[in-house]
Amino acid sequence: MEMKTDLWAGALIRRVEINGAFATVARRGDPDGGDVLVKVATLDGKARLYGTALAPSGETMFLDLSTGSLGDDEKAVDAYAERRAKVDPDLWVIEIEDKQGRHFLTEKVDRAKP
């Protein structure tokens with residue numbers, strides 16, 4: 001990411017709140033450059049998970065990890081995030097609660113390859 005991760009996370013949370021949804025930092029990683037997972041829970045037992053990736057242009061983008069085998073079961077999404085956190089101490093996890101399932105990301109979002 002071009003900006004420090006803690007500043008980026010704060011901006012995402014502010015965008016979420018301005019639009020009437022709720023967001024929180026579920027796990028705080030390296031403030032300068034940790035990878036980010038964004039969980040979007042729709043409050044019905046479903047959730048999507050987005051993770052950072054590098055676009056061919058070199059810009060940061062997000063992959064919708066739920067399009068692959070992970071799926072959209074909230075328990076599976078949480079388990080995946082926990083597994084990632086165990087191997088990456090710098091990882092950030094931002095949780096968004098939005099019944100409409102909006103992610104509020106301004107970066108490009110692409111489908112993960114299965």
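None of the figures in this text is laboratory data; all of them are computed from the coordinates on show. The shown structure was predicted, so the numbers you read here are calculated from the model rather than taken from an experiment. Heads up, the Cβs are rebuilt from the backbone with ideal geometry, glycines too, and the neighbour counts pull from every protein chain shown.
Translational diffusion coefficient of region 41-108 at 4 °C, 1.567 mPa s, Stokes-Einstein with Kirkwood Rh over Cα pairs, in µm²/s as a whole number.
This corresponds to a translational diffusion coefficient of 101 µm²/s.
Spin-label point model (7 Å from Cα, Cβ direction): what's the THR24 to VAL87 distance in nm?
Here the modelled spin labels are 2.8 nm apart.
Report, in deg cm²/dmol and to the nearest 500, the calculated mean residue ellipticity at 222 nm for the chain, where each DSSP H run with n ≥ 4 adds -39500 (n - 2.57) and the sum is divided by the residue count. Each step should come with its number before you reach the end.
Numbers: 2 runs with 28 residues, N = 114.
When only DSSP H runs of four or more count, the value is -8000 deg cm²/dmol.
Please compute the contact order of the chain in relative form: average sequence separation of alpha-carbon pairs under 8 Å and at least six residues apart, divided by the residue count, as a percent.
Answer for the chain is 35 percent.
Exposure proxy check: VAL38, VAL25 ranked by fewest other beta carbons within 10 Å? Could the numbers behind the result be given before it?
On the way: VAL38 26, VAL25 15.
By the 10 Å Cβ count, ascending: VAL25, VAL38.
Starting at 0 and stepping by 10 Å, how many percent of the alpha carbon pairs of the chain end up in each bin?
15, 49, 33, 2
Quick one: work out the % antiparallel among DSSP beta bridges in the chain, nearest 5.
On the way: 16 of 25 bridges.
If we restrict to bridges inside the chain, about 65 percent are antiparallel.
Sort TYR80, TYR50 so that the residue with the fewest other Cβ atoms within 10 Å of its own Cβ comes first and the one with the most comes last.
Working: TYR80 18, TYR50 24.
Fewest-to-most ranking of TYR80, TYR50: TYR80, TYR50.
Once amide H atoms are built 1.01 Å from N in the peptide plane, which residues 5 or more positions from GLY34, or in another chain, come under 5 Å H to H?
For GLY34, whose amide H was placed from the backbone, the distant partners under 5 Å are THR5.
Among PHE22, PHE104, what is the fewest-to-most ranking by other Cβ atoms within 10 Å?
Working: PHE22 13, PHE104 20.
Ranking PHE22, PHE104 by Cβ neighbours within 10 Å, fewest first, gives PHE22, PHE104.
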